[in-house]
1. Can you give me the long-range amide H partners of Ile329? Hydrogens built in the peptide plane at 1.01 Å from N, cutoff under 5 Å, separation of 5 or more residues or another chain.
2. Show me, for region 371-382, the HN-Hα J-couplings you get by feeding each phi into the Karplus relation (A = 6.51, B = -1.76, C = 1.60, θ = phi - 60°), rounded to Hz, glycine and proline as x.
3. Given H placed 1.01 Å from N in the peptide plane, which residues other than close sequence neighbours of Gly594 have an amide H under 5 Å from its amide H?
4. Subtracting the Cα-Cα distance from 0.36 nm times the residue separation, let me have the gained length for Asn343 to Phe271 in nm, one decimal.
5. Taking 0.36 nm per intervening residue step and subtracting the Cα-Cα distance, what contour gain separates Ala376 from Tyr394 on full extension?
6. Whole-Hz ³J(HN,Hα) for each residue in region 402-414, computed from phi via Karplus 6.51 cos²θ - 1.76 cosθ + 1.60 with θ = phi - 60°, x for glycine and proline: what do you get?
7. Using the structure shown, select from Lys215/Lys260; Lys569/Lys641; Lys38/Lys164; Lys51/Lys341; Lys38/Lys176; Lys65/Lys181 the pairs with a Cα to Cα distance greater than 28 angstrom.
8. Quick one: order His100, His355, His248, His56 by neighbouring beta-carbon count within 10 Å, fewest to most.
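Just so it is clear, none of the values below were taken in a lab; they were calculated from the coordinates. Treat the numbers as computed from the prediction; the structure is a model and nothing was measured. Backbone-built Cβ (ideal geometry, glycine too); neighbour counts: all protein chains shown.
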Amino acid sequence: MQYFKQMRYQRYIRLILVGFFLVCYTFLNAQTTETARKKILFICSYSSETKYLSEHISNFNNYIKQMGGNGNIVIENINATSFREAASWREKVKNIFDKHTDADLIILLGGEVWSSYISLTDAKYHLKPVMASMSNIYGIRLPTTRDSISQFHPVSINLLDQIKRFPNVKCAIAYKYDLDKDIELIREFYPNVQNIAFISDNTYNGVAQKSYIQKECYKHKNLKFLFIDGEKMNMEKAANIYKELPSHTTALLGSWRIDKENNFYINNSDFVFRQANDNIPVFSLTGSSINSWAIGGYIPRYEDIGKVLGEKAYQLLYNNDEERKAEFIIMPNYYQFNAQKLNELGFSDKKLPKHAELINQSPTFFESYRYEVGVAIAICISLFIGLLVSLYFYFSARALGNRLRISSNILQMEKERLEASEIELRTAKEHAEEANQMKSAFISNISHEVRTPLNAIVGFSSLLVGTVNVTEEQKEYSEIIETNANLLLQLINDLLDISQIESGKMQFKYEWCEVIGHCRNILRLSNHKQSIKFIFEPFTNEYRLYTDPLRLQQVITNLLNNALKFTPKEGSITLGIRKDDQNDHLLFSVADTGCGIPEHLHEKVFERFIKLNEFKQGTGLGLPICKLILHHMDGEIWIDKDYTNGTKFTFYLPIISI
């Protein structure tokens with residue numbers, strides 16, 4: 001009893017351990033699955049609904065998915081607008097960090113977010129891996145809540161150098177304005193320029209651009225810089241200043257979306273400035289308004305940032321490349337020009353910098369009327385092809401007409417020759433038919449004439465053998481006479497049958513015949529040899545067939561006699577009858593145990609006067625006569641290829657219902 005209790009306790013313990021391990025495995029597997037899905041947090045300066053931001057985030061996400069990553073993308077934004085709200089951006093970024101403490105990677109998009117991140121002093125906000133992009137390298141420090149915006153003096157700083165100080169920043173991609181290149185470009189177009197009017201708005205980017213220009217303008221002491229500053233003035237005041245700009249002034253555009261009074265100007269700011277003074281040539285520092293108002297500029301290339309970020313993020317998150325050296329990338333700049341503006345100002349033939357890109361190009365005639373030109377070309381090609389086809393068929397028709405005339409002449413000559421040949425053939429056919437009839441009549445007559453004395457010879461030779469005082473030698477001679485006379489008589493009968501079949505004079509008399517009994521009688525009357533066994537294998541005891549009994553007997557007798565010649569002593573001959581219900585045939589077969597017939601001679605034996613063994617008696621007409629008789633009775637005869645004990649002839653007669 002104690003033993004059974006211990007066994008029960010051990011079983012309970014095993015069950016508990018198995019359950020514990022299953023729970024642990026499920027928990028660990030769930031944890032592994034959960035951690036496999038990486039959380040990627042985007043913190044944007046503006047709403048991610050904007051075309052510029054949404055394209056880069058979409059390209060980033062597509063690259064991660066294409067490489068097989070399983071990223072959980074979360075997007076937050078601080079809705080940065082006027083620079084007057086700059087003191088609140090830092091707190092918004094802190095709140096987003098606190099909200100998403102489980103993020104595996106944080107991506108900062110926009111100068112406002114970059115500056116906010118740099119200004120966070122608490123070390124806990126710099127523990128997560130960070131990537132940054134979509135900001136000018138030249139930024140500004142943000143004011144604090146204690147600073148007065150009206151008295152705040154922003155100072156240009158290098159954001160890329162600032163963000164390098166944080167060890168968990170794995171990648172930063174920034175663009176860089178180049179005032180020197182833009183001034184050089186302006187002098188290429190307007191060598192007499194004396195004043196540069198820089199236009200910037202009341203956004204973080206606008207204030208940072210103005211700070212950058214103020215920092216760099218000392219390099220160009222022969223130029224006077226005038227600032228149309230949205231941080232200090234509204235749109236109306238800016239337009240009035242722009243209207244009163246002195247001669248030899250060129251405008252350099254940063255951005256203008258928000259003025260001092262927080263009024264938004266998304267698209268119509270260009271129109272306001274152009275209405276105020278359309279004589280001022282405008283170049284762009286950032287790429288803004290090149291497609292509408294500005295002539296061109298040396299601007300950053302903003303494309304492919306999302307894809308580059310996706311590549312770096314995938315290496316960090318999914319290739320476990322956390323120890324990889326941080327990358328700080330400055331996007332390249334390029335020249336871009338407004339082709340319509342160049343034409344409008346008379347610069348259409350001016351040599352542009354190498355690799356410059358043109359936008360708003362006037363379409364060429366072929367580009368403007370591409371569809372119409374395509375249709376016209378297609379019509380011309382169709383007409384040309386139609387002309388070629390017409391010429392081809394014209395000359396082909398002429399050649400065909402010539403060939404037809406020649407062929408018609410040849411056919412006419414051939415027709416006349418064939419008509420003459422037809423007359424000759426008809427005459428030859430008539431002569432042949434006449435000769436064949438004469439041959440058949442001759443054979444029939446000679447057969448009758450020869451058969452009469454032969455019958456007398458056979459009869460009297462039989463009487464001679466039957467006399468009383470006949471010596472053995474005389475008896476042997478008489479039997480030789482009788483045998484050869486019978487052979488000659490058989491030859492005459494076969495020739496007569498062939499002649500009657502060919503001339504159509506052989507009579508077929510159809511009647512209902514009980515074929516099973518009829519075949520037994522044929523076997524009984526056959527010239528049996530005592531040493532050869534005859535076997536009869538009917539499929540039933542009685543069967544009535546509508547046929548010609550005499551011709552059926554002639555066919556079976558010929559086949560039995562043929563089998564007797566080639567069957568050795570102690571052999572057997574089998575006459576079989578069976579019914580083929582599928583084809584409505586009655587099948588007859590005569591099989592012997594003789595030497596057999598090679599397969600390549602199966603068809604040849606049905607030809608006239610063909611004897612496979614020249615030393616055997618016979619004329620070679622028995623099998624051809626059988627074949628001709630069966631054809632007249634709608635039957636067929638052949639040698640069974642599957643029979644291997646000798647030779648087996650098979651023929652069928654149709655079962656006729658009347």
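1. Under 5 Å from the amide H of Ile329: Ala172, Ile173, Ala174.
2. Residue by residue, region 371-382 yields 5, 5, 5, x, 5, 4, 5, 4, 5, 4, 4, 4 Hz.
3. Here the answer is Thr647, since their amide H atoms fall under 5 Å of that of Gly594.
4. On the way: separation 72, 0.36 × 72 = 25.92 nm, distance 1.94 nm.
Stretched fully, the Asn343-Phe271 segment lengthens by 24.0 nm.
5. Numbers: separation 18, 0.36 × 18 = 6.48 nm, distance 2.63 nm.
Length gained, Ala376 through Tyr394: 3.8 nm.
6. 4, 5, 5, 5, 5, 5, 5, 5, 5, 5, 5, 5, 5
7. Values: Lys215/Lys260 22 Å; Lys569/Lys641 24 Å; Lys38/Lys164 25 Å; Lys51/Lys341 25 Å; Lys38/Lys176 32 Å; Lys65/Lys181 40 Å.
Check vs 28 Å cut-off fails for Lys38/Lys176; Lys65/Lys181.
8. On the way: His100 15, His355 7, His248 11, His56 26.
Placing the least packed residue first, the sequence is His355, His248, His100, His56.
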